[in-house]
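Below is one structure; the comments refer to it alone.
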Amino acid sequence: MGLTLTEKILKAHTVDGVFEKGKEIGIRIDQTLTQDATGTMAYLEFEAIGIPRVQTERSVAYIDHNTLQSGFENADDHRFIGSIAKKHGIYFSRPGNGICHQVHLERFGIPGKTLIGSDSHTPTGGGIGMIAIGAGGLDVAVAMGGGAYYITYPKIVKVNLTGSLSSWCAAKDVILEVLKRMSVKGGVGKVIEYTGEGVKSLSVPERATITNMGAELGATTSIFPSDETTRQFLKAQKREDAWTPLCADEDAVYDEVIDIDLSKIEPMAACPHMPDNVKTLSEIGEMKIDQVCIGSCTNSSLQDMMKVAHILEGKTVHPDVSLSIAPGSKQVLNMLAKNGALSVMIDAGARILESACGPCIGMGQSPNSGGISLRTFNRNFEGRSGTKDGQIYLVSPEVAAASAIKGFLTDPRTLGDMPEFKMPDEFIINDNMIEKPCDEKDMDSVEILRGPNIKPFPKTEPLADSVECKCSLKVEDNITTDHIMPAGAKILPLRSNIPAISNHCFTVCDEEFPQRAKEMGKSIIVGGANYGQGSSREHAALAPLYLGVKAVVVKSFARIHRANLINAGILPLTFKNEADYDKFDLNDEISMNNLIDSIKYGKNIIITNKTKGVDIECECELSERAKEIVLSGGLLSYTKAQLGK
Ligand code: MIC
Ligand code: SF4
């Protein structure tokens, strides 16, 4: 029986476990990436593990999230990451060099390699045939130390592409179509593999837009084959030697098949406040808009920017609209500067932002109250833009630029003929903003620069056998990590300071939560389905850990967040019977007993709700390794103990 591309790469990298569907496998990680918002914690954890130099083929630390620097905190963190990278063998992409996923694709990604990154959009690398997975900082720290990364052997979905996109219809519309069909939880436990003759018609940046936003499906990752188009892209990046042809076997067997005829795709938007709330532009109608933001790791390639420049040429941004544009990397920005497209954008009245995440993570450009903002980004969760009642629509760069001119949601197909944009034969290559690490022999002379905002990893304890506590919070379905641990300009600077950032935990849902949880000392959180979807931020587990949360009991979890809870030593429990969700209320008195044996022997855990006088049965399915992690009080203690052996 033939293998899918995913299976070929995973099989070649499996170093632990049995290579069988549904089983946990440990894979060797060739490359890692971090960004600054998750990076400081990841490097503190790497330091705590105590391995002097990274063991990967390539590890890169990017600065792209916290670039507002409204106080000393971000700048201090950048210096910390820069110094730690230099010492321990990690390449350092300086602020201004661009968004991690865009730069990694351009300068470091290699088809057939494995990459994990402390950012949920790491699957962007699937655009050139990598198995690229988003993970918590601790998992990345362990991988940098040479440890395997553990995933469940995924189900593999074949997306069979036929035809080619019509004028003005975009890769963004393809992934919006997939989201419409599969939903934000449809990808959990799955890898989405794109195949079929339609693949040929998509450029590498288009493929990367699609794999990037596979994160919104909850998928483990997404991948395209590595073909002639991939070779051309790498050649234009002067990295042709990194290329290998890769594809699935003819007789590969998939768990699910989705057929998409690219020629039938039409412009679409994900409406507030979920990436799967997808409608065609004609269904939404001519809606007046207040803001347009173009950029982010989803849509900031040279190809995207050239299309935008073409639409803006000789026009002026509508007087009622603010248009911002953030090219994805220094390379993209520089190419636009040299070929004149930047001047076209400036001329049209676009507000040019630095090559960074910016408005996507609420770092500036929050829309006006109730404002309608079209964004080429990947997430439109409530409040993420920094304006609680902001109405965010996710669209393609083509729709964004056309609408910015007209002042209302505009179908770009009304613009007439679309010129063909050819990928350049050569990109401008200048890696002067990527610092190489020092030689191993010189590492002792590198001083780690630590600012006062950097606080150590919170204390963990081995799992207690019984816990008496209260319910400190009850939340609904589809809670995102932006609810659990909000980001934005005020909170993001505290990412290296768990005690301080904890004061903002869940405040979007309940202002009183941090104080209440602290007063309770120990507590549990009760939630609905797809709890923890969205980002990889382990702060969404570390802040609850710091606030004394011992277990999170929900209908179902998102993959990365569940792994982060385990890594933090918090019990991830699911109701055996979903209806039991109704048997919990805030402040209920809870008792959990016999925890150690239940975890060790895989038995269900009984939560006694003393207030309601009921026993509730919960499941906690864990691999043998995950059991040991939970018993030792988290991945850090577990890893240290393993190294001690
Ligand atoms: C995001 O898009 O939510 C982020 C910010 O990139 C996060 C990482 C973080 O919270 O630092 C992600 O997607 O993992
Ligand atoms: Fe940055 Fe936004 Fe991409 Fe996250 S989704 S990495 S915040 S650009």
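Just so you know, all these numbers are worked out from the coordinates, no wet-lab data involved. On a predicted model such as this, the values are computed, not experimentally measured, just so you know. Backbone-built Cβ (ideal geometry, glycine too); neighbour counts: all protein chains shown.
Between region 492-510 and region 438-468, how many Å separate their Cα centres?
So the separation of the two Cα centres works out to 19 Å.
Based on the Cα coordinates of region 280-396, what is the per residue volume of their convex hull in Å³? Don't jump to the answer; show the numbers that get you there.
On the way: hull volume 11.5 nm³, N = 117.
Spelled out: Cα convex hull of region 280-396, divided by residues, is 99 Å³.
Which residues' amide hydrogens lie under 5 Å from the amide hydrogen of Ile590, considering only partners 5 or more residues apart or on another chain, with H built in the peptide plane?
For Ile590, the qualifying residues are Cys469, Lys470, Cys471, Lys610.
Restricting to Cα atoms and excluding each atom paired with itself, what does the Kirkwood estimate give for region 537-645 in Å? Walk me through the intermediate numbers first.
Values: mean 1/r = 0.0689 Å⁻¹.
Evaluated over region 537-645, this radius sits at 14.5 Å.
What translational diffusion coefficient, in µm²/s and rounded to a whole number, does the Stokes-Einstein relation yield for region 1-104 at 25 °C and a viscosity of 0.890 mPa s, taking the hydrodynamic radius as the Kirkwood radius over Cα pairs? Please report the intermediate quantities before stating the final value.
Working: Rh = 15.6 Å.
The diffusion coefficient I find is 158 µm²/s.
How large is ³J(HN,Hα) for each residue in region 492-504, as worked out from phi by the Karplus curve 6.51 cos²θ - 1.76 cosθ + 1.60 (θ = phi - 60°), to whole Hz, x for Gly and Pro?
The phi angles translate into 4, x, 9, 4, 9, 10, 4, x, 6, 5, 4, 5, 10 Hz.
With an 8 Å cut-off on Cα pairs and a minimum separation of 6 or more residues, tell me the relative contact order of the chain in percent.
Working: 1650 pairs, mean separation 92.5, N = 645.
The normalised contact order for the chain reaches 14 percent.
Name the long-range amide H neighbours of Ile325: under 5 Å, sequence gap of 5 or more, or other chain; modelled H, no Pro or chain starts.
Ile294, Arg351, Ile352, Leu353
Send over the Kirkwood Rh of region 88-227, from the inverse of the averaged 1/r over different Cα pairs, rounded to one decimal Å.
Numbers: mean 1/r = 0.0646 Å⁻¹.
Evaluated on region 88-227, it is 15.5 Å.
For n ≥ 4 DSSP H runs only, could you compute -39500 (n - 2.57) per run for the chain, divide by its residues and tell me the 222 nm figure to the nearest 500?
For the chain, the value works out to -8000 deg cm²/dmol.
Which whole-Hz couplings ³J(HN,Hα) result when phi for each residue of region 70-80 is put into the Karplus expression 6.51 cos²θ - 1.76 cosθ + 1.60, θ = phi - 60°, listed in order with x for Gly and Pro?
Calculated HN-Hα couplings, in order: 7, x, 6, 4, 5, 4, 4, 4, 4, 5, 4 Hz.
Test of understanding: given the chain, find the longest segment containing no chymotrypsin sites (Phe, Trp or Tyr not before Pro) that are in a DSSP loop and have at most 14 other Cβ atoms within 10 Å. Don't skip to the end; give the middle numbers.
Details: sites that count: Phe19, Tyr601.
For chymotrypsin sites (Phe, Trp or Tyr not before Pro) (loop position, at most 14 other Cβ atoms within 10 Å), the longest site-free span of the chain is 20-600.
Considering only C-alpha atoms, what is the centroid distance from region 251-271 to region 15-67, in Å?
31 Å
I need the Debye-formula profile for region 577-627: one equal scatterer per C-alpha, no solvent, reported as log10 I(q)/I(0) at q = 0.31 1/Å, two decimals.
-1.16
Charges only on Cβ, +1 for Lys and Arg, -1 for Asp and Glu: so what's the dipole of region 374-449 about the Cα centre, in debye to the nearest 20?
Numbers: 9 positive and 15 negative charges, 161 e Å.
It comes to approximately 780 debye.
What percentage of all Cα-Cα pairs in region 333-423 are separated by more than 18 Å? Can you show the working numbers first?
Numbers: 2241 of 4095 pairs.
It works out to 55 percent of all Cα pairs.
Of the DSSP beta bridges with both residues in region 1-123, give the percent that are antiparallel, rounding to the nearest 5. Mind dumping the intermediate values first?
Values: 2 of 12 bridges.
That works out to approximately 15 percent antiparallel.
From Cα pairs below 8 angstrom and at least 6 apart in sequence, can you work out the relative contact order of region 13-97, rounded to a whole percent? Kindly include the intermediate steps, with their values, before the conclusion.
Numbers: 109 pairs, mean separation 24.4, N = 85.
Once normalised by length, the contact order is 29 percent.
What dipole magnitude, in Debye to the nearest 20, does the chain give about its Cα centre under +1 on Lys/Arg Cβ and -1 on Asp/Glu Cβ? Don't jump to the answer; show the numbers that get you there.
Working: 68 positive and 82 negative charges, 178 e Å.
Dipole of the chain, to the nearest 20 debye: 860 debye.
DSSP loop (so not H, G, I, E, B), at most 14 other Cβ within 10 Å: list which GluC sites (Glu not before Pro) in region 217-262 pass both filters. Spell out each step's value before the answer.
Numbers: sites: Glu228, Glu240, Glu250, Glu256; in loops: Glu250.
Counting only loop positions with at most 14 other Cβ atoms within 10 Å, the GluC sites (Glu not before Pro) in region 217-262 are Glu250.
Distance from the Cα centre of region 608-629 to that of region 183-231, in angstrom?
Centre-to-centre distance over Cα atoms comes out at 36 Å.
Starting at the first residue of region 141-151, write each ³J(HN,Hα) from the Karplus equation 6.51 cos²θ - 1.76 cosθ + 1.60 with θ = phi - 60°, in whole Hz, x for Gly and Pro.
Coupling constants for region 141-151: 4, 5, 5, 4, x, x, x, 6, 10, 9, 9 Hz.
Run down the lysines and flag those whose C-alpha is under 16 Å from the C-alpha of Lys455, throwing out any fewer than 8 positions away in its chain.
none
When the gyration tensor of region 366-486 is built from Cα positions, what are the square roots of 5 times its three eigenvalues, in whole Å, from largest to smallest?
Over the Cα atoms of region 366-486, the ellipsoid semi-axes are 42, 33, 14 Å.
Is there a pair in Lys172/Lys279; Lys172/Lys330; Lys8/Lys158; Lys158/Lys422; Lys338/Lys422; Lys474/Lys550 whose C-alpha atoms are over 19 Å apart, and which pairs would that be? Intermediate values should be presented prior to the final figure.
Working: Lys172/Lys279 13 Å; Lys172/Lys330 23 Å; Lys8/Lys158 15 Å; Lys158/Lys422 28 Å; Lys338/Lys422 16 Å; Lys474/Lys550 14 Å.
Violating the 19 Å Cα-Cα cut-off are Lys172/Lys330; Lys158/Lys422.
Quick one, what does Rg over Rh come out to for the chain if you take C-alpha atoms and the Kirkwood Rh?
Working: Rg = 23.6 Å, Rh = 24.7 Å.
Ratio of gyration radius to Kirkwood radius for the chain: 0.95.
Given an 8 Å cut-off on Cα distances and at least 6 residues of separation, report the relative contact order of region 345-465 as a percent. Working shown, then result.
Numbers: 92 pairs, mean separation 16.3, N = 121.
It rounds to 13 percent for region 345-465.
Grab the alpha carbons of region 472-526, take their convex hull, and tell me the volume per residue in Å³. Intermediate results must be reported in sequence, preceding the final value.
Numbers: hull volume 4.2 nm³, N = 55.
Hull volume over Cα atoms, normalised by residue count, gives 76 Å³.
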